[in-house]
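Trainee: Handing you a structure now.
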Amino acid sequence: MRPSHLRALPRALALAAAAALLGCPPPDQGQPVSTGLGGQADKIAADRGLTPDDVAAALKTYMPSGRLDDHVMFASSGHAGQVLVIGLPSMRLLRSIAVFTPEPWQGYGVGGKESMEVLAGGASDGKQLTWGDTHHPSLSETNGSYDGQFLFIGDKANARVAVIDLRDFETKQIVKNPLATSDHGGAFVTPDTEWVIEGGQYAAPLGQGTYADIAEYDAKYRGYVTFWKFDRARGRIDVERSFGMELPPYWQDLADAGKGVSDGWIFMNSFNAERATGGVEQGKPPFEAGASQRDMDYLHIINLKKAAEVVARRGVKINGFTTIPLQASIEEGLLFFAPEPKSPHGVDVTPGGEYAVVSGKLDPHVTIYSTKKLFEAAAKGSSNKDPYGVPILDFDAVVEAQVELGLGPLHTQFDDKGYAYTSLFLDTAVARWTLGGPYADKHKTTPWTLVTKTPVQYNIGHLSTVEGDSATPGGGWLVAMNKWSIDRFFTTGPLLPQNFQLVDISAPGEVMPVVYDLPIGVGEPHYAQIIRADRLKPWEVYPEVGWNPMTGKVDPNATAKGKERVERRDGVVEIWSTVVRSHFTPEHVKVRQGDKVIWHLTSLERARDATHGFCIGGYNINLSLEPGEYASFEFVADKPGVYQFYCTEFCSALHLEMVGYLMVEPAGANK
Ligand code: CUK
Ligand code: CUA
């Protein structure tokens, strides 16, 4: 390792690297270790150089073959644009869920009509997008607790939100925000999933496609927040009943919904209260300096319940999307600010809704606001206003406590023992600290106190505890989502995986060991949520043969056994196929060059896991037909030749025989 690297490394990492340079041996290599488990275990531990702590970690996480995990984690995959599903405590990757990026294994966005329509719903101003930057998954809630029905996830790059149905783990809808090109705050749900919150980030003229020079930043650029109305019965966002709010051009960051005593309110961070506009190439301070000058930014306190009533009267259309203008929000008392230190990132509401915990990236404390004090101060109003007229509440009147944790606090989660856990990016550690108020009373802890820190490898972003952002957090496990994994895994070239570290938080007090490292080699996960597995009720096969996952019912074009057929009409060939181990019906399909081909496929399977694929090489088509599923695709057979269509899932002993021929007769050839 070059010394220039060391300078850029966090302290803990630098120490580890220095130890490696000095040639320290791995701990206890070859030393006899007593695991307490007897001869064979002791010998294996000794041979592998495992310490008693290593053995304990293995015993906590190892899942014998066939044993199921009792928790499931849904993690974003950053700019890979998908969601990862991971079992805990084994940390086994169970599957990915294709969301914003085409994914051939799931037959997602590779020719199949149903998924292509979902992706098309997320087109940006007419432009089809083939990726997203997923940050924050959000499980649907009932009364503040995860209900296991739906998952939402935001796309930071393109200001979009997707809806995933957890009966089949498939993306059902992508909505594009007409107000903006990019966002950050989505998605966060309100306690009954009435609303999915998507906050903005880098201010721009409101309404995607609207132009104003950056010299007019203060006058023409704006921040925003969007409240997407979720229609649970339909399992879709209702765009018509959704609305946005215009905000001053600070850079809004993460949000959290109030719950319990703060239900109906939204708390949202911002940074760049300086309204820095960059321009390093013109000798101006770069954003990183310009946006970090002030000691305070503004926590946004938004009365969503009232906004939902006011919007009918005061909403205006921007790019066809209902939006409450900033002035209306001020006049109606929908929006208040509280000062927050310094360059804040995460805001997290405690399980009962009593406090909002804010982490300032450049402040070693977390700042804890009392939601009750915020509401009291908001009711009184304030003569102190920001340059846009938004009332600024008095810091001392609304802050409950500040706890010094360390460098670079980012995000906070909770457990069932009255603890909060905050990620420390610069310290590259997880801090455990005690909540005060009713939590300290209940758990007999010293309020607002740092208890312990566990180093993680390295540069933690988010962390996630079991249902740790809900009204009913569990305990036991915490996952640290680390941006760097240097020296933890085999070097996979210059691009290294991220590192998810499982931390055992089951014991109260100071012991909080890392027990597992999971390399994530398919994207940079930002946030994740962990749900108890028994809350999920996924389908084992589709409910009926011919099920269209997008309409949620048997498709009119679903085909029964014996009803397979090919119909020809002017320049169109339409095929109704069935799929079952181990053949397609029909196996010969003949079309003429230039024909439009419409192909319906129905899986007749009722056996679990009997999935078939259907691909046509050269035409960029691959479907995944899970048991009972209907899928379709259309294309123009513009290239002549003989094309094999075959099953892409090794489904049976005669899987290789699961094939057919698409013959595309050259145009002009004799019939
Ligand atoms: S952000 Cu990624 S580490 Cu989008 Cu939640 Cu904080
Ligand atoms: Cu069906 Cu292989």
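Please treat every number below as a calculation from the coordinates, not as lab data. Owing to the predicted nature of the structure, the values given are computational and were not obtained by experimental measurement. Quick reminder, even Gly has a Cβ in these numbers, built from the backbone with ideal geometry, and neighbours come from all protein chains shown.
Trainee: Can you give the relative contact order of the range 115-198 as a percent, counting alpha carbon pairs under 8 Å and 6+ residues apart?
Mentor: Averaging sequence separation for qualifying contacts and normalising by length gives 29 percent for the range 115-198.
Trainee: Pop a pseudo-label 7 angstrom from the Cα along the beta-carbon direction at both residue 238 and residue 560 and give the gap in nm to one decimal.
Mentor: 3.7
Trainee: Kindly identify the chain as rounded, prolate or oblate by the Cα gyration tensor criterion: order the square roots of the eigenvalues as a ≥ b ≥ c, call it rounded if a/c is under 1.5, otherwise compare a/b with b/c, prolate if a/b is larger, else oblate.
Mentor: oblate
Trainee: Another question about this same structure. Counting other C-beta atoms within 10 Å, which of 537, 259, 596, 176 has the fewest, and how do the rest follow?
Mentor: Lowest count first: 537, 596, 176, 259.
Trainee: Let me ask something else. Report for the range 547-665 the percent antiparallel among DSSP-assigned beta bridges with both residues inside it, nearest 5.
Mentor: The answer is about 70 percent antiparallel.
Trainee: Once you put a point 7 Å from the Cα of residue 127 and another 7 Å from the Cα of residue 40, both along the Cβ direction, what distance in nm separates them?
Mentor: About 6.1 nm, to one decimal.
Trainee: Can you tell me the dipole magnitude for the chain around its Cα centre, using point charges on the Cβ only (Lys, Arg +1; Asp, Glu -1), in Debye to the nearest 20?
Mentor: 740
Trainee: Tell me, in nm to one decimal, what length is gained between residue 312 and residue 216 on full extension, where the rule is 0.36 nm per residue of separation less the Cα-Cα distance?
Mentor: The span from residue 312 to residue 216 would gain 31.5 nm if fully extended.
Trainee: Something else about it: Assigning unit charges at the beta carbon (Lys, Arg +1; Asp, Glu -1) and nothing else, what dipole magnitude in debye, to the nearest 20, does the range 81-176 show about its Cα centre?
Mentor: Charge dipole, the range 81-176, about its Cα centre: 160 debye, nearest 20.
Trainee: Over the chain, what is the mean sequence separation of C-alpha contacts under 8 Å (at least six apart), divided by residue count, expressed as relative contact order in percent?
Mentor: Here the relative contact order equals 10 percent.
Trainee: Quick check: residue separation of residue 507 and residue 67 times 0.36 nm, minus the Cα distance between them. What number comes out in nm?
Mentor: 156.0 nm
Trainee: Here is a further query. Along the positive direction of the dipole of the range 423-577 (beta-carbon charges: Lys, Arg +1; Asp, Glu -1; about the Cα centre), which of 551, 484, 425 reaches farthest?
Mentor: Towards the positive end, the residue furthest out is 551.
Trainee: Just from its helices, what would the mean residue ellipticity at 222 nm be for the chain, if runs of 4 or more DSSP H residues each count -39500 (n - 2.57) and the sum is divided by every residue, rounded to the nearest 500 deg cm²/dmol?
Mentor: -3500 deg cm²/dmol
Trainee: In the range 547-665, if the dipole is taken from +1 on Lys/Arg beta carbons and -1 on Asp/Glu beta carbons about the Cα centre, which of 582, 562, 651 is farthest to the positive end?
Mentor: Value: 562.
Trainee: Which entries in 259/385; 172/259; 113/639 show an alpha-carbon gap greater than 25 Å?
Mentor: Cα-Cα > 25 Å for 259/385; 172/259; rest within.
Trainee: Here is the link list: 453/537; 305/361; 229/361; 127/563; 127/156. Which ones come out longer than 28 Å on Cα distance?
Mentor: 453/537; 305/361; 229/361; 127/563
Trainee: Arranged from highest to lowest average of other beta-carbon atoms within 10 Å per residue, in what order do the peptides 545-555, 402-412 appear?
Mentor: Descending packing order for the listed peptides: 402-412, 545-555.
Trainee: Okay, next question. What relative contact order, as a whole-number percentage, does the range 327-477 give when Cα pairs under 8 Å and 6 or more residues apart are counted?
Mentor: Over the range 327-477, the number comes to 20 percent.
Trainee: Let me ask you something else. Could you put 48, 67, 222 in order, starting from the residue whose Cβ has the fewest other Cβ atoms within 10 Å?
Mentor: If I rank by nearby Cβ atoms, fewest first, I get 67, 48, 222.
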